[in-house]
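Asks: Quick one: structure below, then a few questions.
The values are calculated or read from the model by the stated rules, or taken from the named source; none is laboratory data. Given the structure is predicted, the values throughout are model-derived calculations rather than measurements. Here the Cβ positions follow ideal geometry from the backbone for every residue, glycine too, while neighbour counts run over all protein chains shown. Each accessible area value is taken on the protein alone, full model and side chains, heavy atoms only, with ligands, DNA and RNA left out. Shrake-Rupley method; radii C 1.70, N 1.55, O 1.52, S 1.80 Å.
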Amino acid sequence: MTINLKKLENYAKLAVEFGVNVQDGEDVLINSSIEDPSLARIITKHAYESGARKVSINWKDEEIIKLDYTYQNQKTLNEVPDYIIEKNIYQLEKHRSNRISIIGDDPDLLKNLDQKKIAEAVRENSLKLKDFVKYTMNDMVSWLVIAYPTKKWAKKIFPELKEDEAVDKLWELIFDVSRIDEDWDNTKKNWQDHIELLNEKANFLNAHQFDEVCYKSSNGTDLRVKLPKNHIWMSASSRNEKGDTFLPNIPTEEVFTSPQYDGVNGRLVAVKPLVYNGVIIDKFEFTFKDGLVVDFKAEVGYDTLKEMLESDPNAKRLGEIALVPYHSPINESNVLFFNTLFDENASCHFALGKAYPTTIKGGTEVADEDLHTIGLNDSLIHEDFMVGAKDLDIKAYKDGREYQIFKDGNWAK
């Protein structure tokens, strides 16, 4: 394999300095596959050089995960050992560790396994660990999702190439869409300019406090979405509980908020596949009434989508609405990544499930079970799916006045 080492170094540096923005004396927790530890090692080095007190790493092996789901019984899969709870308490409650997730999952990892068994295990584990989700969903700590190309993921995207060639090509693509240059100063300026542009879009939307947005495209999408009072449109950067800025996703192209949990009506057609629990779901759509999915279809992965929607009572409601221009760098690469981090930043998208409490004024001060009182959904899941068609038209309304937000898939202004 041939990796541009200068770009790799700047990619890791970006994760530390812009991603979680490590401050003196802070802890960092990295989640990474064992297939290739190189990125985790370089990030660890930069984290220490930025003043980190302690860097911890959780390694995972996808083949072991697959074996666990294949051979463990349901009771064992549903268990969350005490040491996992204690580890979360130590890292999040006690030390407020910055979290970096380095992803590169095989999109087909679990496709031939018992989906009901997997869904129950995921649900039970999510219930037992729900108290720790607030640390990221409420931006209490800095957190980041970033990617590196594993062999099976790269081959899924580029099946015509040899394994090493596919990995090399995916590395270059990740660097390109993540605005990584061989020169660190250029990389830094790329991101400063990009963050400023996204902030301008969010500021425009926040200044208007629209009551409703309406989506239409020729593929059948025809959806009306009410927005809760005092909603906040967020962009690339967020702030943790200490007031330090960070980037939750690299790359990122979105401006997002939360819909009114019971204010969604109409038909919504996905334009890209969704990978959920190691299974690809494709050619799917939803019909909403008063915020609830009342009908759905999927030509690929129907049973997995059904399990996702039935994972808890609020999984059939939306928790996020995100605006991404059709002419984003990721979409213009003409590559289907089979990975939500990239595909969601190639397209306008929604998320089923839990809303980010940070997307409404005072939301982080409200208990999860009371989020509905301020218009937000609570759920065990938060799953993004893409709807940004080339001819997507989005109009917003305030006090009966109409505003054109998106035209032909892109920002109208």
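Residues are listed down the side, and each one gets a yes or a no for (1) at pLDDT below 95; (2) farther than 24 Å from Ala119 by Cβ:
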site	(1), (2)
Cys348	no, yes
Ala355	no, no
Lys361	no, yes
Glu369	yes, no
Ile374	no, yes
Ile381	no, no
Tyr397	no, yes
Ala412	yes, yes
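Asks: Determine which single condition Phe256 fails, assuming it passes every other condition in (1) assigned to a loop (DSSP other than H, G, I, E, B); (2) under 27 Å from Gly375 (Cα atoms); (3) open to solvent by less than 40 Å² (accessible area, probe 1.4 Å).
Replies: For Phe256, the failing item is (1).
Asks: Anything in segment 1-16 that is within 23 Å of the chain's Cα centre (by Cα) and surrounded by fewer than 20 Cβ atoms within 10 Å (Cβ to Cβ)? List them, or say none. Don't jump to the end; show me each part of the working.
Replies: Of the residues in segment 1-16, the ones within 23 Å of the chain's Cα centre (by Cα) are 8, 10-16.
Passing the criteria: only Leu8.
Asks: Looking only at residues in segment 200-221 that are touching a residue at least 60 places away in the same chain (Cβ under 8 Å) and of a type in the set (S, T, N, Q), which one is farthest from Arg401 (Cα to Cα)?
Replies: Asn219
Asks: If you don't mind, there's one more thing I want to ask. Can you report the number of residues in segment 75-98 which are out of contact with any Leu (no Cβ under 9 Å at 6 or more places or on another chain) and open to solvent by less than 50 Å² (accessible area, probe 1.4 Å)?
Replies: Result for segment 75-98: 2.
Asks: Does Thr373 qualify as being open to solvent by 40 Å² or more (accessible area, probe 1.4 Å), among the hydroxyl-bearing types (Ser, Thr, Tyr) and part of a helix (DSSP H, G or I)?
Replies: Details: open to solvent by 40 Å² or more (accessible area, probe 1.4 Å): yes; among the hydroxyl-bearing types (Ser, Thr, Tyr): yes; part of a helix (DSSP H, G or I): yes.
Spelling it out, Thr373 is indeed open to solvent by 40 Å² or more (accessible area, probe 1.4 Å), among the hydroxyl-bearing types (Ser, Thr, Tyr) and part of a helix (DSSP H, G or I).
Asks: Let me ask you something else. Take the residues in segment 339-367 that are open to solvent by 40 Å² or more (accessible area, probe 1.4 Å) and in contact (Cβ under 8 Å) with a residue 24 or more places away in the chain, then tell me which one is farthest from Ile394 (Cα to Cα).
Replies: Thr364
Asks: Let me ask something additional. For segment 140-219, list the helices (runs of 4 or more DSSP H) that sit wholly inside it and hold at least 3 residues that are within 26 Å of Val22 (Cα to Cα) and acidic (Asp, Glu); which are they?
Replies: Numbers: elements: 151-157, 163-177, 184-208.
Counting at least 3 such residues, we get 184-208.
Asks: Answer yes or no as to whether Asn314 is open to solvent by less than 10 Å² (accessible area, probe 1.4 Å), in a loop (DSSP other than H, G, I, E, B) and farther than 28 Å from Ser178 by Cα.
Replies: Values: open to solvent by less than 10 Å² (accessible area, probe 1.4 Å): no; in a loop (DSSP other than H, G, I, E, B): yes; farther than 28 Å from Ser178 by Cα: yes.
No: the conditions fail for Asn314.
Asks: Just give me the residues in segment 259-303 being surrounded by fewer than 18 Cβ atoms within 10 Å (Cβ to Cβ) and basic (Lys, Arg), in sequence order.
Replies: Scanning segment 259-303 gives Arg267, Lys283, Lys289, Lys297.
Asks: Spot the failing condition for Lys306; the list is (1) of a type outside the set (S, T, N, Q); (2) open to solvent by 20 Å² or more (accessible area, probe 1.4 Å); (3) in a helix (DSSP H, G or I); (4) under 28 Å from Trp143 (Cβ atoms), and only one is missed.
Replies: (4)
Asks: Could you check Asn58 against (1) touching a Leu at 6+ places or on another chain (Cβ under 9 Å); (2) surrounded by 15 or more Cβ atoms within 10 Å (Cβ to Cβ) and say which number it fails?
Replies: Looking at each condition in turn, Asn58 falls short on (2).
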